[in-house]
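Trainee: Dumping the structure here so I can ask a few things about it.
The values are calculated or read from the model by the stated rules, or taken from the named source; none is laboratory data. It should be emphasised that the depicted structure is a prediction, and the values quoted were computed from it without experimental measurement. Note that each Cβ is placed from the backbone with ideal geometry, even for glycine, and that neighbours are counted across all protein chains shown.
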């Protein structure tokens, strides 16, 4: 199990970019693998972290949500009440699921789908592998519960899938609540 | 077949001369030209193609299908759809006449726009136990006493079990523990279990 912290500050200052919303075709297109050490990837990592940080309630952001065709996403579930294992803020490049089990159902919303939420079954135990931007270091992360769900939600994004593609039945789509 | 176009404030018109709901008819058409939406309800004998035919009719009269819900209730087809039909209800009524000649009850009702996306505390109500009268009314009355608004509900009767699942939005800061205690008090005498759990949304 990976226990080291991932220092997202190494990426420097990222730009806060507008988040692409459905039905933009970028969100329905599988993203291409990229070099984790490329300057463009490092800048993208910084942009993802910066944009995620200023988006209230957002715990993850995929590259194609910022209009980039790259298998990269950022994630940070720190402080979320449903999180058990927490790896802090991180960016993963070219991620792949190693193993996933124990599916659980929960309601998800997404910055790219502002009008709806949906009930989605996802694995609550997960091992995911990928590369860190900048160093290109390969990592394998074992996690569970809410962080596992967040990883899988973002992984779906770079595979061109929205939570709408995985809802658990015809009555599992709901109008999104308005937050006060 | 009796088709009536009601006054702007009229309730849905029942089939003339028959107080019992009858399949294979238009139960009512209420025309309110200042209301942009039509609710089309179709209930009756199920067969393949009903959804396609109704939605094709909406499209052919220039309507835009908005929200819809369809399921089988004890084997009966049951669908309600909301459509924006600028031409009003009459062209759609004419287009659905053939469908209404089958074992299907079709009604069209004009509706005003309503806001969507309520705010508050989202919770899921689960009730299950041996079937008996009063389960749904007792559980939902308890929810209503605390200001809970049911936004989705399904009940199913199995061979012995009765199950209710509902999505409820309560005012913010509602004490779900207190409501759970009251649900136990009123539902346990009916021999059923009831629980109310937070069902909040997570933004990714």
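Trainee: Within the stretch B:139-163, track down each residue that is within 27 Å of residue B:41 (Cβ to Cβ) and touching a helix residue (DSSP H, G or I) at 6+ places or on another chain (Cβ under 9 Å).
Mentor: B:139, B:141, B:143, B:148, B:149, B:150, B:153, B:155, B:162
Trainee: Would you mind finding the one in A:72, A:167 that is surrounded by 20 or more Cβ atoms within 10 Å (Cβ to Cβ) and modelled with pLDDT under 95?
Mentor: Just a single option satisfies the conditions, and that option is A:167.
Trainee: Same structure again: Give the stretch A:163-178 a look and list any residue that's part of a strand (DSSP E or B) and without any contact (Cβ under 8 Å) to a residue 60 or more places away in the chain, or say none.
Mentor: A:167, A:173 - these are the residues of the stretch A:163-178 that are part of a strand (DSSP E or B) and without any contact (Cβ under 8 Å) to a residue 60 or more places away in the chain.
Yes or no, residue by residue, for (1) without any contact (Cβ under 8 Å) to a residue 12 or more places away in the chain; (2) touching a strand residue (DSSP E or B) at 6+ places or on another chain (Cβ under 6 Å); (3) within 14 Å of chain A (Cβ to nearest Cβ):
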residue: B:109; (1), (2), (3): no, yes, no
residue: B:125; (1), (2), (3): no, yes, no
residue: B:131; (1), (2), (3): no, yes, no
residue: B:134; (1), (2), (3): no, no, no
residue: B:149; (1), (2), (3): no, yes, yes
residue: B:152; (1), (2), (3): no, yes, yes
residue: B:159; (1), (2), (3): yes, no, no
residue: B:166; (1), (2), (3): no, yes, yes
residue: B:169; (1), (2), (3): no, yes, yes
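Trainee: Name every residue in the stretch A:109-129 that is more than 22 Å from residue A:28 (Cα to Cα) and in contact (Cβ under 8 Å) with a residue 40 or more places away in the chain, in order of residue number.
Mentor: none
Trainee: Conditions first: (1) touching a strand residue (DSSP E or B) at 6+ places or on another chain (Cβ under 9 Å); (2) in a helix (DSSP H, G or I). Residue A:43 passes all but one, so which condition is the exception?
Mentor: Going through (1) touching a strand residue (DSSP E or B) at 6+ places or on another chain (Cβ under 9 Å); (2) in a helix (DSSP H, G or I) one by one, residue A:43 breaks only (1).
Trainee: Checking residue A:107 against (1) within 14 Å of chain B (Cβ to nearest Cβ); (2) part of a loop (DSSP other than H, G, I, E, B); (3) under 24 Å from residue B:197 (Cα atoms), which single condition isn't satisfied?
Mentor: (2)
Trainee: In this structure, does residue B:51 turn out to be at pLDDT 95 or above and not assigned by TED's automatic domain parsing to the domain that holds residue B:149?
Mentor: Yes: the conditions hold for residue B:51.
Quick grid of which residues meet (1) part of a loop (DSSP other than H, G, I, E, B); (2) surrounded by fewer than 20 Cβ atoms within 10 Å (Cβ to Cβ); (3) within 11 Å of another protein chain (Cβ to nearest Cβ):
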{"site": "A:116", "(1), (2), (3)": "no, yes, yes"}
{"site": "A:124", "(1), (2), (3)": "no, no, no"}
{"site": "A:129", "(1), (2), (3)": "no, yes, no"}
{"site": "A:133", "(1), (2), (3)": "yes, no, no"}
{"site": "A:136", "(1), (2), (3)": "yes, yes, no"}
{"site": "A:148", "(1), (2), (3)": "no, no, no"}
{"site": "A:154", "(1), (2), (3)": "no, no, yes"}
{"site": "A:161", "(1), (2), (3)": "yes, yes, no"}
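Trainee: Quick check on the stretch B:182-197. Is at least one of its residues under 27 Å from residue A:113 (Cβ atoms), without any contact (Cβ under 8 Å) to a residue 60 or more places away in the chain and within 14 Å of another protein chain (Cβ to nearest Cβ)?
Mentor: No: the stretch B:182-197 contains no residue that is under 27 Å from residue A:113 (Cβ atoms), without any contact (Cβ under 8 Å) to a residue 60 or more places away in the chain and within 14 Å of another protein chain (Cβ to nearest Cβ).
Trainee: For the stretch B:143-164, check the following and say yes or no: at least one residue is surrounded by 18 or more Cβ atoms within 10 Å (Cβ to Cβ) and modelled with pLDDT of 95 or more.
Mentor: Yes, the stretch B:143-164 has at least one match.
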